[in-house]
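*Asks:* Here it is, the structure, as structure tokens.
The values are calculated or read from the model by the stated rules, or taken from the named source; none is laboratory data. The model shown is predicted, which means the values in this text are computed figures rather than measured ones. For neighbour counting, all protein chains shown are included, and Cβ atoms are generated from backbone atoms with ideal geometry for every residue, glycine included. We work out accessible area using only protein heavy atoms, side chains counted, and drop any ligands, DNA or RNA first. Shrake-Rupley method; radii C 1.70, N 1.55, O 1.52, S 1.80 Å.
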Amino acid sequence: MLHKINPDQHGACGPDMISAVSTCVHCGFCLAACPTYQEIGQEAASPRGRIVLMKEVLEGTLSIDEATPHLDSCLGCLACEPACPSGVSYRELISPFRALIEPKRSRTWGDRFRRTVAQLTLPYPGRFRIAAMSGKLVKPFASVLPNSLRVMLDLLPVRLPPKQAWASVNPAVGTRRGRVALLIGCAQSVLDPDINTATIDVLTRNGVEVVVPKKQTCCGALSWHVGNHAAAQNFARQNLAAFPDDVDAIVTNAAGCGSGMHEYPVILKGTSDHDRASSFRDRVVDVSKYLAELGDLVPVADTNQPIRVAYHDACHLANAQGVRSEPRQLLRMVPGLQLVEIADGHLCCGSAGTYNIDQPEVAASLGQQKAASVIATDAAVVATGNIGCMTQLSVHLKQAGSKIQVKHTMQVLSDAYGRSDGR
């Protein structure tokens, strides 16, 4: 796509944004892959339409406030990337663009309030737990509260699971085959801490020592994807310092977190930490990919307990990290597990970080559609690899009256190992 963007006016990420714009040939292959285009049905709500809008803002021919309503509705799911024959790196345009314009745009009081609350609570487990517990007390009065508060309360679970803690070093069972450092996540460690426990269980059973760095923090993805560049940089730098060098890999079990950590070189572009961030990124891997590549995994004993499991592709695992076959490969290890696919599995469930809070109508519609597709599989369990997807699926399956359980891939495996142990 031809443009008149001045590369010297848009910071360190300017050249990458320009590259993404110029690579787009406006062919339209992205339209069928884009969930918001399917939902809204407007060209401006498609990847190619948004690229044109961002190009015009960068050129100075379109105001930020004219473009942002259409850009805000973008999930950042990156389904457009694998669909693009030209290889447009949409991720190197949308998030840097949001970071560039956020300080310059106008927002309503309600928008600012929601964003501030989310940024001050979600990345901090202690604060988030207090906020969630406080929110439960207010939930009965949600109908009389402003919409900006009501949307946030609707996403809170009925009850929080008990707190869990993890040792700094979790020894491998038997001969040590590997040593990894685990990101435990922020919201995940409050909403479903058992995901980390299950992850450690599966890794250690398979001869992998798991280190849990105590000074780790939020991955920064929540901040980065809403344009809070300073906060994202701060989180990234803290994790660069917290994670040790003497491990084989930095393992993540949340698709959004893994994708966010892979973007550290973009977040820290133009700073003295860029090269270190690039080395860090090269060691970050989703737990399903790490285990699949490790191979020769401990078999799960056959307990003659058949189960039908649907697998949901988290966008930031399938699209951003290219991890699709590995979780399915691991699930097929379980004797009696029948793995089934979900119709239109490439379409986002509508979670996408704080998207539920920022774009509640679109998020709810996508969530309802995904829940209906999951129910149609007649599965007993739906497995996935991202806490945001798990929360979204749980909410909408419950609203639809379904009893399908929502579990992380590692929880399915850990449960299967436990059953074979007699637990």
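*Asks:* Could you list, by residue number, the cysteines of the chain that have no other cysteine's beta carbon within less than 4.7 Å of their beta carbon?
*Replies:* Taking the Cβ cut-off of 4.7 Å, the unpaired cysteines of the chain are Cys13, Cys24, Cys27, Cys34, Cys74, Cys84, Cys349, Cys389.
*Asks:* Still on this structure: Quick one: compute the contact order of the chain, relative version, from alpha carbon pairs under 8 angstrom and 6+ residues apart, as a percent. Walk me through the numbers on the way to the answer.
*Replies:* Values: 703 pairs, mean separation 61.5, N = 423.
It rounds to 15 percent for the chain.
*Asks:* Additional query: Farthest toward the dipole's positive end in segment 277-423, which of Ala343, Tyr355, Leu393, given Cβ charges of +1 (Lys, Arg) and -1 (Asp, Glu) about the Cα centre?
*Replies:* Highest projection toward the positive end goes to Leu393.
*Asks:* Quick check: pseudo-label points 7 Å beyond the Cα along Cα→Cβ at Glu341 and Ile130, how many nm apart are they?
*Replies:* 4.8
*Asks:* Given +1 on the Cβ of Lys and Arg, -1 on the Cβ of Asp and Glu, and no further charges, what dipole in debye does segment 185-291 carry about its Cα centre, rounded to the nearest 20? Don't skip to the answer; put the middle values down first.
*Replies:* On the way: 9 positive and 12 negative charges, 53 e Å.
It comes to approximately 260 debye.
*Asks:* Something else: Could you run the Karplus curve 6.51 cos²θ - 1.76 cosθ + 1.60 with θ = phi - 60° over segment 310-323 and give me ³J(HN,Hα) per residue in whole Hz, x for Gly and Pro?
*Replies:* 8, 10, 9, 6, 5, 4, 7, 9, 6, 8, 7, 10, x, 9
*Asks:* Of Cys24, Pro125, Ala44, which is farthest along the charge dipole of the chain in the positive direction, counting Lys and Arg as +1 and Asp and Glu as -1 at C-beta?
*Replies:* In the chain, that residue is Pro125.
*Asks:* Remind me, relative contact order of segment 323-423 in percent, using alpha carbon pairs under 8 angstrom and six or more residues apart?
*Replies:* So the answer I get is 27 percent.
*Asks:* How would Met133, Met390 rank on accessible area, largest to smallest, probe 1.4 Å?
*Replies:* From most accessible down to least: Met133, Met390.
*Asks:* Rounded to the nearest 0.05, what FRET efficiency is calculated for Ser272 and Asp8 with R0 set to 30 Å and r the Cβ-Cβ distance?
*Replies:* 0.90
*Asks:* Report, ordered by chain and residue number, the lysines lying within cross-link reach of Lys4, taken as a straight Cα distance under 28 Å and ignoring same-chain residues fewer than 8 apart.
*Replies:* Counting by Cα, and skipping residues close in sequence, Lys4 has these lysines nearby: Lys55, Lys104, Lys269.
*Asks:* While we're here: Give me a comma-separated list of calculated 3J(HN,Hα) values for segment 223-229, in order, Karplus coefficients 6.51, -1.76, 1.60 applied at θ = phi - 60°, integers in Hz, x for any Gly or Pro.
*Replies:* 6, 4, 6, 10, x, 8, 5
*Asks:* On to the next question. Could you please tell me the mean projected area of the C-alpha convex hull for segment 256-360, averaged over all directions and given in square nanometres to one decimal?
*Replies:* The Cα convex hull of segment 256-360, projected and averaged over all directions, gives 9.1 nm².
*Asks:* For the chain, find the longest principal axis of its Cα atoms and tell me its angle to the long axis of helix 47-59, 0 to 90°, nearest 10.
*Replies:* Taking the Cα atoms of the chain, the angle to 47-59 is about 50 degrees.
*Asks:* At 7 Å along the Cα-to-beta-carbon direction for both Met1 and Val173, put a label point, then send me their distance in nm to one decimal.
*Replies:* Rounded to a tenth, the inter-label distance reads 5.2 nm.
*Asks:* For segment 284-423, what is the charge dipole size about the Cα centre, in debye to the nearest 20, if Lys and Arg each add +1 at the Cβ and Asp and Glu each add -1 at the Cβ?
*Replies:* Around 300 debye, computed over segment 284-423.
*Asks:* Under 23 Å Cα to Cα from Lys289, which lysines show up? Leave out anything in the same chain fewer than 8 places away.
*Replies:* The reachable lysines, counting only those whose Cα sits under 23 Å from Lys289, are Lys407.
*Asks:* Taking the Cα centre of the chain as the origin, how large is its charge dipole in debye, to the nearest 20, when only Lys and Arg (+1) and Asp and Glu (-1) carry charge on their Cβ atoms?
*Replies:* Approximately 1140 debye in magnitude.
*Asks:* Evaluate the distance, in nm, between pseudo-label points positioned 7 Å from the Cα of Asp245 and of Val25 along their respective Cα→Cβ axes.
*Replies:* Roughly 4.5 nm, to one decimal.
*Asks:* Using Cα pairs closer than 8 Å and at least 6 residues apart in sequence, work out the relative contact order for segment 1-87, in percent.
*Replies:* 33
*Asks:* A further question follows. Suppose the chain between Ser325 and Thr303 were pulled fully straight at 0.36 nm per residue; how much longer would it get relative to their current alpha carbon spacing? Intermediate results must be reported in sequence, preceding the final value.
*Replies:* Numbers: separation 22, 0.36 × 22 = 7.92 nm, distance 2.51 nm.
Full-extension gain reported as 5.4 nm.
*Asks:* Does segment 332-408 come out rounded, prolate or oblate, given a ≥ b ≥ c as the square roots of the eigenvalues of its C-alpha gyration tensor, rounded meaning a/c under 1.5 and, failing that, prolate meaning a/b above b/c? Before the final figure, lay out each step's value.
*Replies:* On the way: a/c = 2.04, a/b = 1.75, b/c = 1.16.
Cα axes put segment 332-408 in the prolate bin.
*Asks:* Tell me which residues come under 5 Å, amide H to amide H, from Asp286 once H is placed; ignore anything under 5 positions away on its chain.
*Replies:* Thr252
*Asks:* Decide, for segment 178-222, between rounded, prolate and oblate: order the square roots of the alpha carbon gyration tensor eigenvalues as a ≥ b ≥ c, take rounded if a/c falls under 1.5, and otherwise choose prolate if a/b is larger than b/c, else oblate.
*Replies:* It is oblate, given that a/c is not under 1.5 and a/b is not larger than b/c.
*Asks:* Scattering from the C-alpha atoms of the chain alone, worked out with Debye: what is log10 I(q)/I(0) at q = 0.07, 0.11 1/Å?
*Replies:* -0.33, -0.84
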